[in-house]
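Chemist: Dumping the structure here so I can ask a few things about it.
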Ligand SMILES: Nc1nc2c(ncn2[C@@H]2O[C@H](COP(=O)(O)OP(=O)(O)OP(=O)(O)O)[C@@H](O)[C@H]2O)c(=O)[nH]1
Ligand SMILES: [Mg+2]
């Protein structure tokens, strides 16, 4: 079976094989398949090449969703300090805000992502990024070790359903660039058909790199939490995300998971 048909096989082929197969397919079908499809495939391959050349050590995780779902609040809760403004006002976040763990090598990646607001979370690694700051000799070994550790770029993004078209454009562009998509929703909007059609369904099959989060779970009665979460999971399965995790969180209380939802 062709590596391109990996989803139908028991175990998908490694990514590198699928990338190479796509390149071969684009070359072989050039002049035969519709030129728009060949262009799309080649643009994707170019993006993949560029991304792989830019810090494979960092995983870029983007929080996407409707305004007010709590993306900024969740980022703040995850990093343990307020790096992004969260507010009742709609919409709040206008440009992406990055929390970076492991600064070494992240600059070029963040430049490529066009992210200006950067918060380096690890003081030692943050210093590594500044050539002018020379580390004391005794700290070199520790720095080298930390520089080798996997890095994370956590992105708080503008709203997808924005009245501001610029917000939506940024979120849509980023959805094609991040490594992991976290779709943040809330008890009021989790079943919004337009959001599912326009944003979740296009990522059908991307189970391995998608997480659905039902935030603001504290706003609903305890006995309703499990059914609402099940309902979101059902919609996600219908969207074509058969195995993507579906989690509940409360950015306000700091709680979150699937298993403890009924005991909060
Ligand atoms: N009760 C409760 N309120 C929350 C929770 N998460 C966020 N909020 C509140 O919801 C409002 C919107 O939160 P934000 O974090 O600004 O939402 P956002 O998704 O970043 O919104 P945009 O930047 O406009 O896209 C704020 O008033 C938050 O305090 C939560 O888990 N529980
Ligand atoms: Mg926000």
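The values are calculated or read from the model by the stated rules, or taken from the named source; none is laboratory data. Please read these numbers as outputs of a predicted model, since none were measured by experiment. Reconstructed Cβ throughout: ideal geometry from the backbone, glycine too, with neighbour counts over all protein chains shown.
Chemist: Check whether at least one residue in the range 22-32 is part of a loop (DSSP other than H, G, I, E, B), outside the structural domain of residue 250 (by TED's automatic domain parsing) and out of contact with any helix residue (DSSP H, G or I) (no Cβ under 6 Å at 6 or more places or on another chain), and report yes or no. Show your work before the answer.
Modeler: Taking the range 22-32 first, the residues part of a loop (DSSP other than H, G, I, E, B) are 30-32.
Within this subset, residues satisfying the condition of being outside the structural domain of residue 250 (by TED's automatic domain parsing) are 30-32.
Applying the additional criterion that residues be out of contact with any helix residue (DSSP H, G or I) (no Cβ under 6 Å at 6 or more places or on another chain) yields 31-32.
There is at least one residue in the range 22-32 that is part of a loop (DSSP other than H, G, I, E, B), outside the structural domain of residue 250 (by TED's automatic domain parsing) and out of contact with any helix residue (DSSP H, G or I) (no Cβ under 6 Å at 6 or more places or on another chain).
Chemist: A follow-up question, please. Pairs needed: first member in the range 60-74, farther than 16 Å from residue 117 by Cα; second member anywhere, part of a helix (DSSP H, G or I) and near ligand 2 (Cβ under 8 Å from one of its atoms); C-beta distance under 8 Å; at least 6 residues apart or different chains.
Modeler: What qualifies is 64/71; 65/71.
Chemist: If you scan the range 154-167, which residues turn out to be more than 9 Å from ligand 1 (Cβ to nearest atom) and modelled with pLDDT of 90 or more? So that I can check it myself, show each step before the final result.
Modeler: Here is the first cut: in the range 154-167, the ones more than 9 Å from ligand 1 (Cβ to nearest atom) are 154-155, 163-166.
Correct list: 154, 155.
Chemist: Could you please give the count of residues in the range 41-69 that are in contact with a helix residue (DSSP H, G or I) (Cβ under 9 Å, 6 or more places away or on another chain) and closer than 26 Å to residue 196 by Cβ? Break it down stepwise before answering.
Modeler: Taking the range 41-69 and keeping what is in contact with a helix residue (DSSP H, G or I) (Cβ under 9 Å, 6 or more places away or on another chain), we get 41-42, 44-45, 48-55, 57-58, 60, 62-67.
Right, trim to closer than 26 Å to residue 196 by Cβ and you get 44, 60, 62-67.
Residues in the range 41-69 being in contact with a helix residue (DSSP H, G or I) (Cβ under 9 Å, 6 or more places away or on another chain) and closer than 26 Å to residue 196 by Cβ: 8 in total.
Here's the yes/no breakdown for (1) on the phi > 0 side of the Ramachandran plot; (2) surrounded by 14 or more Cβ atoms within 10 Å (Cβ to Cβ); (3) at pLDDT 95 or above; (4) out of contact with any helix residue (DSSP H, G or I) (no Cβ under 6 Å at 6 or more places or on another chain):
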residue	(1), (2), (3), (4)
181	no, yes, yes, yes
186	no, yes, yes, yes
198	no, yes, no, yes
226	no, no, no, no
243	no, no, no, no
255	no, yes, no, yes
263	no, no, no, yes
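Chemist: Quick check on my filter: what residues within the range 202-245 are outside any helix (DSSP H, G or I) and within 16 Å of ligand 1 (Cβ to nearest atom)?
Modeler: Taking the range 202-245 first, the residues outside any helix (DSSP H, G or I) are 204-206, 210-216, 220-221, 240-245.
The answer is 211, 212, 213, 214, 215, 216, 220, 221.
Chemist: Which residue is farthest from the chain's Cα centre (by Cα), if the candidates are limited to the range 64-73 and must be crowded, with 21+ Cβ neighbours inside 10 Å and assigned to a loop (DSSP other than H, G, I, E, B)?
Modeler: At the first step, the residues of the range 64-73 found to be crowded, with 21+ Cβ neighbours inside 10 Å are 64-66, 68-73.
Then drop every residue that is not assigned to a loop (DSSP other than H, G, I, E, B), which leaves 66, 68-70.
Details: 66: 14, 68: 18, 69: 15, 70: 15 Å.
Residue satisfying both the conditions and the ranking: 68.
Chemist: So, in the range 71-86, of the ones that are touching a helix residue (DSSP H, G or I) at 6+ places or on another chain (Cβ under 9 Å) and more than 8 Å from ligand 2 (Cβ to nearest atom), which residue ends up nearest to residue 166 (Cα to Cα)? Let's see the steps before the verdict.
Modeler: Step one: list which residues in the range 71-86 are touching a helix residue (DSSP H, G or I) at 6+ places or on another chain (Cβ under 9 Å), which gives 82-86.
When the remaining residues are screened for being more than 8 Å from ligand 2 (Cβ to nearest atom), the result is 82-83.
Working: 82: 24, 83: 22 Å.
Per the stated criteria, the residue is 83.
Chemist: Sticking with this one: Which one is nearest to ligand 1 (Cβ to nearest atom) among residues in the range 80-103 that are surrounded by fewer than 18 Cβ atoms within 10 Å (Cβ to Cβ) and within 18 Å of the chain's Cα centre (by Cα)?
Modeler: Per the criteria, the residue is 94.
Chemist: In the set 219, 168, which member is without any contact (Cβ under 8 Å) to a residue 40 or more places away in the chain and under 22 Å from residue 239 (Cα atoms)?
Modeler: Working: 219 fails: under 22 Å from residue 239 (Cα atoms).
Within the list 219, 168, the selection yields 168.
Chemist: Here's something else I'd like to know. Please verify whether the range 43-63 includes one or more residues that are within 16 Å of ligand 1 (Cβ to nearest atom), surrounded by 22 or more Cβ atoms within 10 Å (Cβ to Cβ) and assigned by TED's automatic domain parsing to the domain that holds residue 169.
Modeler: Yes, the range 43-63 has at least one match.
Chemist: Residues being in contact (Cβ under 8 Å) with a residue 40 or more places away in the chain and either surrounded by 15 or more Cβ atoms within 10 Å (Cβ to Cβ) or within 16 Å of ligand 2 (Cβ to nearest atom) (or both): count how many of those fall in the range 104-124.
Modeler: The total comes to 10.
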